[in-house]
Amino acid sequence: MKSRWIFIPVAGIIFLAAGFFFLFTNYGSGFISGSNASPGDPLPPDVLTRIQSGDIIMRRGTSFVSSMIVEILGDPPGFSHCGILVPAENEGWQVIHSVSRSLSDLDGVQIEALESFVRNSIPGSTTLVRLRSSFAPTDQSLADRARTILAQGYGFDNLFRLGVENGVYCSELLWLILPSQVLAESLKFQEPGHIIRFESFLDDRFYEVIYDAR
């Protein structure tokens, strides 16, 4: 067991170093400095009217870390982040998601206005999916489940290990709230590391695509 705990940080260092080298050589120092600023990826007005509580939003972020996730993990959809949509108290929509302190003032599971969330997205990268009604949980809505996780105050899981002992990473939040049957039949993992891949949430047996800007 001790050797496993030693291996994880070493593997993480190698992974980050490889990612930095790849992106620097392919995008140059201008990418690292943030000169490629994004205007965001706002949702069209007609899409906003079709959103339902519990919809899943996935996107590619504008940060160096986001591009490293996409390029090194090689996830076919090209996403780097996800969250779940819940109604705002007054009007509009908010996103419950989990973010590392390296990218956010608040570490871990948090809630953010949808308008703010999509401002940190690369144009043409956002997708909304909805769990098919036949698989929807009957005891508690997905949005209420997400709010329950939010209330627990979990930090971000920098070890990317399933289970809340070390916190919660972004797609792990969905793992915590989606029905077990859906998870058992649809989840795909990135190895080594057993990290949930975003393509898991595009399985059309279980999810309906509401909007895809890609």
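The values are calculated or read from the model by the stated rules, or taken from the named source; none is laboratory data. Just so it is clear, the structure is predicted and the values come from calculations on it, not from any experiment. So basically every Cβ, Gly included, is an ideal-geometry build from the backbone, and we count neighbours across all protein chains shown. The protein model used for the area step is the full one, side chains on, heavy atoms only, and it has no ligands, DNA or RNA in it. Shrake-Rupley method; radii C 1.70, N 1.55, O 1.52, S 1.80 Å.
With +1 on each Lys and Arg Cβ and -1 on each Asp and Glu Cβ, how big is the dipole of the range 81-214 about its Cα centre, in debye rounded to the nearest 20?
180
For the full complex of protein chains and a 1.4 angstrom probe, list I56, I149, I69 by accessible area with the highest value first.
From most exposed to least exposed: I69, I149, I56.
What ranking do 176-189, 42-55 get when scored by the average of other Cβ atoms within 10 Å per residue, highest first?
So the peptides 176-189, 42-55, ranked by packing, come out 176-189, 42-55.
In the range 150-214, what percent of the accessible surface is made up of carbon and sulfur (1.4 Å probe, ligands and nucleic acids excluded)?
49
Using a probe radius of 1.4 Å on heavy atoms only, what accessible surface per residue do you get for the range 31-137? Whole Å² is fine.
The answer is 45 Å² per residue.
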